[in-house]
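The values are calculated or read from the model by the stated rules, or taken from the named source; none is laboratory data. Just so it is clear, the model here is predicted, and its values are computed rather than measured. Cβ sites come from the backbone with ideal geometry, for glycine too, and all protein chains shown count toward neighbours. Surface areas here come from the heavy atoms of the whole protein model, side chains and all, with no ligands, DNA or RNA. Shrake-Rupley method; radii C 1.70, N 1.55, O 1.52, S 1.80 Å.
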Amino acid sequence: MQKQQPASYDLLAVFPDEAKAETASEKLKQAGFKEEEIYQLPTGIVGSGQFREHGPNQARGDIFLQTQRSGPNPAIIALFAVLCCLVVTGLTFAATFALPHLPEPTTLIVGAALGLVLGAILGLLQRGRVRGAIGQEAPKVPPPTSSRQAQGKLNVIALRFDDPDNISRNSRARAILLNNQGRIDRSVSRQE
């Protein structure tokens, strides 16, 4: 392991585990990068963790996971109101036989009004169907690893190029790091 001053690297990538970082280091060596240019470091030594997600927009799939419940259907509300009106009116009509001292037309009108209100309330409480539920589940996010667990692992690859102005070498190294599931830390740049 070579000693370097913090934040004196041209490129820094953080990997999910040490094995992937080792694989990326080997691929960089196979691509012609020298041993003196590649540094494998523990997490948290350099960089402030300013990452840019590469590839397709990861938040794009969230639009398909959204669900929305439609409002109450006016036809269902009217149907419940009419049915409850008929049922309650029928019950009040039957009650006039059991209790003959109730005034018949007033009792039927109150029963019909009560049935309409009760039916409308029941119709409004009916839940509409769910729109947008197309069978997908939200991706499960792994719990973040604690900093104590990650401190000892060498899952960061830092590069310090002999010629930092060589754009093709820089791009090739960036592509190798990204293809091996590395996340480029944009906060690191060479300080001369």
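For the reader, a short list of remarks on this structure follows.
- Extreme residue, modelled with the lowest pLDDT, among residues of region 125-145 that are under 28 Å from ILE76 (Cα atoms) and open to solvent by 100 Å² or more (accessible area, probe 1.4 Å): ILE134
- Scanning region 70-113 for residues that are touching a residue at least 40 places away in the same chain (Cβ under 8 Å) and surrounded by 13 or more Cβ atoms within 10 Å (Cβ to Cβ) turns up PRO72, ASN73, ILE76, ILE77, ALA78, LEU79, PHE80, ALA81.
- Criterion applied to ARG172, ARG148 was being closer than 30 Å to ILE38 by Cα, at pLDDT 85 or above, open to solvent by 70 Å² or more (accessible area, probe 1.4 Å) and not in a loop (DSSP other than H, G, I, E, B), and the one residue passing it is ARG172.
- Residue check for ALA24: open to solvent by less than 50 Å² (accessible area, probe 1.4 Å), modelled with pLDDT under 90, closer than 21 Å to PHE161 by Cβ and not polar (S, T, N, Q): no
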